[in-house]
Amino acid sequence: MTASTLDTSARTPLKGWLAVLAVTLGIFSLVTTEILPIGLLTPIGDDFRITPGTAGLTMTLPGFLAALAAPAVTVAAGRLDRRILLCALMVVLALADVLAATAQAYWAMLVSRVLVGLVIGAFWAIGSGLAERLVGPRHAGRATAVIFSAVPLGSVLGVPAGTFVGELLGWRAAFAVMAVFTIGVLAALALSLPPLPSRGATRLGVLREMTRGRATRLGLLVTVLVVLAHFGTYTYVTPLLRQVTQVSPELITVFLFVYGTAGIAGNFVAGAAIARDLRLTFLAAAGLIGVAALALPFLGDSKPGALALLVVWGFAYGAVPVCSGTWFARAAPQAPEAASVLFTSSFQATLSAGALLGGMVVDAVSVPAVMVAGGVIALLAAAVLSRARSA
């Protein structure tokens, strides 16, 4: 009897899918909390009297900490039941949201974002690879697509809703709402997840061995380039819509909603497409992000033009997490949790680097300039994939 059979034999399909839904909601809560400042960057900066680039640290810190937390927490957790660990991480996330909602100084806000980063790294590394254990190998592919749909859902529902609440009641209220939501997710995880004993502690030696493989190194390079390009630009899309497109704060919520909706479609289209050709799917996503980011400063001065480009961008980015995660999983099928750790670390570190470098370009040059730079980097990722062998 296999380990997956042991995990699912005593559970009905309904219980397995409820557990998948709970994990999806957990990642949705993480993603929304992490990228919530994108829609609130201007009011946060105004409240603390800081520049948009400095306010971008609220995006930078969580990613860097997540990159460190993914291997550190999973290694330190050893053989601790993953159900207990995931629930504990939700408690910390709720506390981080409360701290953000009550922060009276910018340093307190940054402490909150440090806690968010710690949770993201550990939860993503464990939760993103649980599909097979929850519903069995037969439905693992579909369950993985559902779990990864939390990423675009965070954009389509979380960020626009947070932006709306922020415009209506103040940006702090958005984080307070997330604290309440996270407590609800904690209850869902506690009630639906089965015991999830570790299948062997993740060791640093396993991670080092993975990075020596050609497929893993190519996946790292492309993930770094695409995520750097995306978050170096998308972090500052709200200032661009205000400055270049002249979009009102209320309409920005609609634009972000449309972007996120396209992202959900991209996620599920990619989930089907990667079964045929993972490399080509990843290449198309990188190329479309590059084209959209490059064109936005030039064609985004009209509302229809900006909206059309955001649809293309959102659709393309919706494919990125599932492409990257699948790439690492295929590169190391014998160590699924280690593959999830490497995916999470590379993704989150580059997310932060993108937001940080993007902020530097914004402060030194302009918002349109960072869009052009990010577009070029995304096209470079597409070029790398065009020269690689099929994965």
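Scanning the stretch 298-356 for residues that are among the polar types (S, T, N, Q), in contact with a Pro (Cβ under 9 Å, 6 or more places away or on another chain) and under 18 Å from Thr235 (Cβ atoms) yields Gln348, Ser352.
Of everything in the stretch 5-39 that's at pLDDT below 80 and polar (S, T, N, Q), which residue is surrounded by the most Cβ atoms within 10 Å (Cβ to Cβ)? If we take residues in the stretch 5-39 being at pLDDT below 80 and polar (S, T, N, Q), then Thr8 is surrounded by the most Cβ atoms within 10 Å (Cβ to Cβ). Could you please find all residues in the stretch 40-88 being part of a helix (DSSP H, G or I), surrounded by fewer than 16 Cβ atoms within 10 Å (Cβ to Cβ) and among the acidic types (Asp, Glu)? Of everything in the stretch 40-88, just one residue is part of a helix (DSSP H, G or I), surrounded by fewer than 16 Cβ atoms within 10 Å (Cβ to Cβ) and among the acidic types (Asp, Glu), namely Asp46. Any chance the stretch 313-324 includes a residue that's over 20 Å from Gly260 (Cβ atoms), out of contact with any strand residue (DSSP E or B) (no Cβ under 8 Å at 6 or more places or on another chain) and of a type in the set (Ser, Thr, Tyr)? Taking every residue of the stretch 313-324 in turn, none turns out to be over 20 Å from Gly260 (Cβ atoms), out of contact with any strand residue (DSSP E or B) (no Cβ under 8 Å at 6 or more places or on another chain) and of a type in the set (Ser, Thr, Tyr).
Among the numbered conditions (1) surrounded by fewer than 23 Cβ atoms within 10 Å (Cβ to Cβ); (2) at pLDDT below 80, the only one that Gly154 does not meet is (1). Among the candidates Met360, Met371, the residue that is in a helix (DSSP H, G or I) and under 21 Å from the mean Cα position of the chain (by Cα) is uniquely Met371. Taken residue by residue, the stretch 284-304 has at least one member that is among the small types (Gly, Ala, Ser), within 22 Å of the chain's Cα centre (by Cα), more than 27 Å from Gly162 (Cα to Cα) and surrounded by fewer than 23 Cβ atoms within 10 Å (Cβ to Cβ). Go through the stretch 72-113 and give me each residue that's under 22 Å from Leu351 (Cβ atoms), of a type in the set (S, T, N, Q) and at pLDDT 90 or above. Passing the criteria: only Ser112. Would you confirm, using the coordinates I've provided, whether Leu380 is at pLDDT 85 or above, part of a helix (DSSP H, G or I) and surrounded by 20 or more Cβ atoms within 10 Å (Cβ to Cβ)? In short, no. Within the stretch 262-308, being in contact (Cβ under 8 Å) with a residue 60 or more places away in the chain and polar (S, T, N, Q) holds for one residue alone: Asn267.
Read through the list (1) out of contact with any Cys (no Cβ under 7 Å at 6 or more places or on another chain); (2) assigned to a helix (DSSP H, G or I); (3) more than 22 Å from Leu168 (Cα to Cα), then give the number of the only condition that Arg276 fails. Only one criterion in (1) out of contact with any Cys (no Cβ under 7 Å at 6 or more places or on another chain); (2) assigned to a helix (DSSP H, G or I); (3) more than 22 Å from Leu168 (Cα to Cα) is unmet by Arg276, namely (2). Of everything in the stretch 332-348 that is of a type in the set (Gly, Ala, Ser) and at pLDDT 80 or above, the residue that is nearest to Val227 (Cα to Cα) is Ser346. Checking the stated criteria, Gly318 turns out to be in a helix (DSSP H, G or I) and buried (at least 20 other Cβ atoms within 10 Å of the Cβ).
In this structure, Val91 does not satisfy being aliphatic (A, V, I, L, M), buried (at least 16 other Cβ atoms within 10 Å of the Cβ), out of contact with any strand residue (DSSP E or B) (no Cβ under 9 Å at 6 or more places or on another chain) and over 18 Å from Ala355 (Cα atoms).
The single residue among Val135, Val159, Val116 that is of a type in the set (Val, Ile, Thr), modelled with pLDDT under 75 and buried (at least 23 other Cβ atoms within 10 Å of the Cβ) turns out to be Val159. Among the numbered criteria (1) assigned to a helix (DSSP H, G or I); (2) modelled with pLDDT under 85, which single criterion is violated by Gly129? Evaluating Gly129 over (1) assigned to a helix (DSSP H, G or I); (2) modelled with pLDDT under 85 leaves (1) as the failure. For Ala77, state whether it is over 20 Å from the mean Cα position of the chain (by Cα), closer than 29 Å to Gly170 by Cα and touching a residue at least 40 places away in the same chain (Cβ under 8 Å). Against the criterion (over 20 Å from the mean Cα position of the chain (by Cα), closer than 29 Å to Gly170 by Cα and touching a residue at least 40 places away in the same chain (Cβ under 8 Å)), Ala77 does not qualify.
A quick yes/no check of all residues on (1) assigned to a helix (DSSP H, G or I); (2) farther than 18 Å from Ile377 by Cα; (3) modelled with pLDDT of 90 or more:
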| site | (1), (2), (3) |
| --- | --- |
| Glu250 | yes, yes, no |
| Leu280 | yes, no, yes |
| Gly305 | yes, yes, yes |
| Arg330 | yes, yes, no |
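The values are calculated or read from the model by the stated rules, or taken from the named source; none is laboratory data. What you are looking at is a predicted structure, and each value in this text was computed from that prediction instead of being measured. Don't worry about glycine lacking a Cβ; one is built from the backbone with ideal geometry, like all the others, and counts go over all protein chains shown.
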